[in-house]
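What follows draws every value from the coordinates through simple rules; no lab data is involved. Fair warning: this is a prediction, and the values are worked out from it, not measured in the lab. Reconstructed Cβ throughout: ideal geometry from the backbone, glycine too, with neighbour counts over all protein chains shown.
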Amino acid sequence: MSWHVLGAGSLGSLWAVRLSRAGVPVQLILRDEQRLASYRQTGALTLVEQGHASQHVIPAHSIDDDAPIERLLLACKAYDAANAIERVAHRLAPGAEVILLQNGLGSQDEVLERLPGRRCLFASSTEGAFRDGDWRVVFAGQGHTWIGDPADVSPPSWLSNLQRSRIPHTWSPDILARLWRKLALNCAINPLTVLHGCRNGELTGYRQEVAGLCAELTVLLQGCGQADAAENLQDDVWRVIEATAANYSSMYQDVAGGRRTEVSYLLGYACTAGERNELSLPRLHALQQRLFAHLGARGLPRH
Ligand code: NAD
Ligand code: KPL
């Protein structure tokens, strides 16, 4: 059974290459005929790992192809997920499974609404990859991916494909808690790095601000039924800040590169969930307003 990877960006390419080189059938779904022509001209994906570049010839099709899909890895940004799934929903074979690799929360529900009755599995990843050219991806940080299904705790048989492909992963019976915890970490770190224009490690200069956000994020998680994800949040935030001290957060990099951020699926989702649960979260709301102003001043969307 072949994997289809929709979104040949950083993480999608990283997954496709590892599956392919382990002999697991995989094909890429590209945005349109123009991207397909560009890929075919290049002829392969390049993976740069520990300074070493390797080429991988992986079959690709445009999103308008009509071949059935049995196993789909949705590897686009959170804000593209709903639209992308609408484009391929009619191609999903009976019993097809969809793995959602988006960061944050909210996009998973948007996809589920469009795929009633389908098994959709959620993933949360700490692997790091970026593109340094067309059809080139750099594997920048070892990490781990947790996969789970809030509707069904039984692991899928294809996890053995990931094992064989050396994609470090763990089946997570409570994937929502993982996604909430990661969202909280991202909300405590990423917007401040954008507003203060700093690396993660430089947040040690803003201890009070980080502590205030962690306190409200703890209230948020508890108020949203995620008490486990709230445990020792502040300690974990400082641990991540220390472990990634030299890095610029993904949101910082998006803003610096003039790219749309995933704010609606991170801080935006947090603020909306807080309102829905009638929680008082003044610091998070103020942070969102400051971020909106910052994005607006740079001509970037607030969503
Ligand atoms: P990316 O921008 O590098 O890749 C996304 C790809 O999806 C792009 O190539 C884009 O053209 C493609 N795409 C979008 N809509 C499409 C459509 N309709 N049809 C075909 N292709 C389409 O993004 P990424 O960095 O790989 O991130 C994907 C998700 O993974 C994000 O939610 C991100 O936050 C998360 N994530 C990324 C990393 C990382 O290191 N890159 C780490 C952890 C989590
Ligand atoms: O995930 C991250 C990101 O930059 O998006 C970390 C490193 C945890 C910072 O929030």
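Evaluated over the Cα positions of the chain, the convex hull gives a direction-averaged projected area, one quarter of its surface, of 15.2 nm².
What share of Cα pairs, in percent, lie more than 18 angstrom apart in the stretch 33-126? Here the long-distance tail beyond 18 Å is 55 percent of all Cα pairs in the stretch 33-126. For the stretch 179-303, a simple Cβ point-charge model (Lys and Arg +1, Asp and Glu -1, everything else neutral) yields a dipole of about 480 debye relative to the Cα centre.
Compactness of the stretch 3-173 is given as radius of gyration and Dmax, 15.1, 44 Å, from Cα positions.
Under the criterion of Cα pairs below 8 Å and six or more residues apart, the relative contact order for the stretch 177-297 equals 36 percent. Using the alpha carbons alone, the radius of gyration of the stretch 236-303 stands to its Kirkwood radius in an Rg to Rh ratio of 1.01. As a length-normalised measure over Cα pairs under 8 Å and 6 or more apart, the relative contact order of the chain settles at 15 percent. When only alpha carbons of the stretch 177-297 are considered, Rg and Dmax amount to 13.3, 38 Å.
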